[in-house]
Amino acid sequence: MSALTAGSVVAVVGSGAMGAGIAQVAAAAGYRVKLYDTRPEAVTKALADIGKMYLKLAEKGRMTAEQASAATARLQAAGALAEVADAALVVEAIVENLDVKRALFAELEAVVGDACILATNTSSISVTAIAAKLRLPQRLVGMHFFNPVPLMALVEVISGLATDAGVAATVHATAAAWGKNPVHAKSTPGFIVNRVARPFYAEALRLLTEQAGDAATLDAVLREAGGFRMGPFELMDLIGHDVNFSVTQSVFHAYFNDPRFTPSVLQQEMVNAGFLGRKSGRGFYQYGEGAAAPQPRTEAPQPRPDFVSYSLEAGSGDGGVSGLLARRLTAAGFHIANRDSGAGEHNDPAPAFHCNGAAIYLSDGRSATERARANGHPDTVLFDLALDYATATRIALSCADQCSPAAWHAAVGLFQGAGFAVSRLDDVPGLAVMRTVAMLANEAADAVNQGVCTAAAVDVAMQKGVNYPRGPLAWADAVGVAHIATVLHNLADSYGEDRYRVAPLLRRKLATKGRFHA
């Protein structure tokens, strides 16, 4: 299915940040745009602001002066809804209220032709429900842009139960013609991004509640080891805790209180206190003039150990992650001796580094204390997942309650000797990056299993919609589906909660030793 022909009329209803952004992108792509709002003065301001933005883009060389002038000429105000009668596509970007949206589309049906496609930019309301009262429900589709629209590449093209496949295909192709990365999704609570992203916030809030570390330290670990552009706490402060908490509640209730989406009592308290983040001057961090940026907790320098060994029993593994760390240690000048893990020495066959008495493992979802008891090695230290062990600047470590100070300091010195800043987390199951990635991959797998989207779509959505450094399912492939499943199983055992149940599709991949991507 091809895109709407360039030069076609696209009407945008709503001239706020989202509506104005959609209008700017559509006009720049060669479409005639009519912008309507019940507040004419808002339309006038939006069109003026868009014109100024085109001029700035021309000054920066991102479009020519002629292109800027032509795009501005393609924009016009609609003084009444009746003036969008010639539209081939109408995109609604108004208040998130089902009744208000239904009323608008009912009014539009009396204005536009039967071939006109109706699209809603809703971020949370069922597309099926919005379309249900229309005369032609099959022509309504979700076209969910992300803010700011001109900069964010993702568009979720959402089909309700009645949406015609050809309509969804045309909107998908049109979004691509506008320079976006569209993905198809089924109308389910949260669609793709707002559903799959829930664990990024939820696991961080649980870690903070369990005193694994402070917000600044956890944010630094997710950024500097996990590769996320922003840590979860600074991102929640940017979004606003009232908004973020509301979305979590909405998804939780829409899934009939599924424990995977349970809201955080801590975040509820933030909202109750009015600590909403940047917009209120206070969230997990202080904002405003004179506010100091809190620094992550970093371990004091320890001596570089003089001996390191590495053992890897055949048939056991952690997705090859320990091998990647071994390369960095070698590049840092460590001579790593080969060492058989010795089944008679302890009961844990997993890959491990041994350094001055410390046994150092990648987190598998157990606490270090539990793992030390299971493997009979009290001086057990765990290290967290990193996006790229060759370039990560920080790593999170934890140690068993039984671990001696000497063994802990040896492990810290090992990672510092390889160029990592080391942040100590309290001994929580799964550490920070590992449990976050495992839960993101699990939710992504469940969305694919339920037909919400494809594996390729969910990875594109999370990278383009919320700037994740890697798609969750691609990350599962990189770490190893088996290790991700092990982490989830161990988290479920540690907490005794259905929250960490392994998604059926992930179980299937595990059973066949498969991958999500070829």
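Read-outs: derived from the displayed coordinates by stated rules, not from any lab. What you see is a predicted model; the values in this text were computed from it and never measured. Every residue, glycine among them, receives a Cβ derived from its backbone with ideal geometry; neighbour counts consider all protein chains shown.
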Regarding region 308-424, what whole-number volume in Å³ per residue does the convex hull of its Cα atoms give? 92
Measure nothing but the geometry: give the 0 to 90° angle between the long axis through the Cα atoms of 198-209 and the longest principal axis through the Cα atoms of the chain, rounded to 10°. 50
How high is the relative contact order of region 397-480? Use alpha-carbon pairs under 8 Å, at least six apart in sequence, and give a whole percent. 23
Antiparallel versus total DSSP beta bridges in region 103-181: what percent is that, nearest 5? 50
Find the cysteines in the chain that fail to meet the 4.7 Å Cβ criterion with every other cysteine, and list them. 116, 355, 453
Through the Karplus equation 6.51 cos²θ - 1.76 cosθ + 1.60, θ set to phi - 60°, convert the phi angles of region 39-56 into ³J(HN,Hα) values in whole Hz; use x for Gly and Pro. 10, x, 5, 5, 5, 4, 5, 4, 5, 5, 5, 5, x, 5, 5, 4, 4, 5
Using amide H atoms built 1.01 Å from N in the peptide plane, name the residues 5+ places from residue 11, or on other chains, whose amide H lies under 5 Å from its own. 34, 88, 89, 90, 91
Would you work out the relative contact order for region 308-424, in percent, from Cα pairs under 8 angstrom that are 6 or more residues apart? 25
What are the ³J(HN,Hα) couplings of region 350-361, residue after residue, when phi is run through the Karplus curve with 6.51, -1.76, 1.60 and θ = phi - 60°? Round to Hz, x for glycine and proline. 5, x, 8, 9, 10, 8, 6, x, 8, 9, 10, 10
Relative contact order (percent, whole number), region 134-241, Cα cutoff 8 Å, 6+ residue spacing: 17
If all Cα-Cα distances of the chain are sorted into 20 Å bins from 0 onward, what percent lands in each bin, rounded to whole numbers? 21, 47, 26, 6, 0
Within-10-Å neighbourhood charge of residue 146 [Cβ basis; K, R +1; D, E -1]: +1
Taking N as the number of residues in region 9-187, what is its Cα Rg relative to 2.2 N^0.38 Å? 0.97
Name the long-range amide H neighbours of residue 120: under 5 Å, sequence gap of 5 or more, or other chain; modelled H, no Pro or chain starts. 92, 141, 142, 143
Share of antiparallel DSSP beta bridges in region 308-424, in percent to the nearest 5? 45
Go through region 405-410 residue by residue and turn each phi into a ³J(HN,Hα) via Karplus (6.51, -1.76, 1.60, θ = phi - 60°); whole Hz please, and just put x for glycine and proline. x, 5, 5, 4, 5, 5
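Calculate how many DSSP beta bridges within the chain are antiparallel, expressed in % of all such bridges and rounded to the nearest 5.
30
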Reciprocal mean inverse distance between Cα atoms of region 390-501 - Kirkwood radius, Å: 15.8
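What net charge is computed for the residues neighbouring residue 226, neighbours being all others with C-beta under 12 Å from the C-beta of residue 226, Lys and Arg scored +1, Asp and Glu -1? Numbers along the way, then the final one.
Values: positive: 223, 229, 394, 435, 470; negative: 203, 219, 224, 384, 388.
Result for the neighbourhood of residue 226: 0.
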Which three extents, in angstrom, do the Cα atoms of region 23-88 have along their principal axes, listed largest first? 37, 25, 14
Region 66-136: which trypsin sites (Lys or Arg not before Pro) are DSSP loop and have at most 15 other beta-carbon atoms within 10 angstrom? 133, 135
The Rg/Rh figure for region 195-280, Cα atoms and Kirkwood Rh, to two decimals is 0.95
Quick one: what does P(r) look like for region 346-401 with 10 Å bins over all Cα pairs, in whole %? 25, 54, 19, 2
Net charge within 14 Å of residue 109 by Cβ-Cβ distance, Lys/Arg positive one each and Asp/Glu negative one each, not counting residue 109 itself? +2
Rounded to the nearest 10 degrees, what's the angle between the helix 215-224 long axis and the longest principal axis of the chain, both from Cα atoms, 0 to 90? 90
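So what's the back-of-envelope 222 nm ellipticity for the chain, counting only DSSP H runs of four-plus at -39500 (n - 2.57) apiece and dividing by all residues, rounded to 500?
Theoretical 222 nm ellipticity from helices: -13000 deg cm²/dmol.
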Region 114-197, convex hull of Cα, quarter of hull surface, nm² -> 5.1
So if R0 is 41 Å, what FRET efficiency would residue 80 and residue 449 give, r being the distance between their Cβ atoms, rounded to the nearest 0.05? 0.30
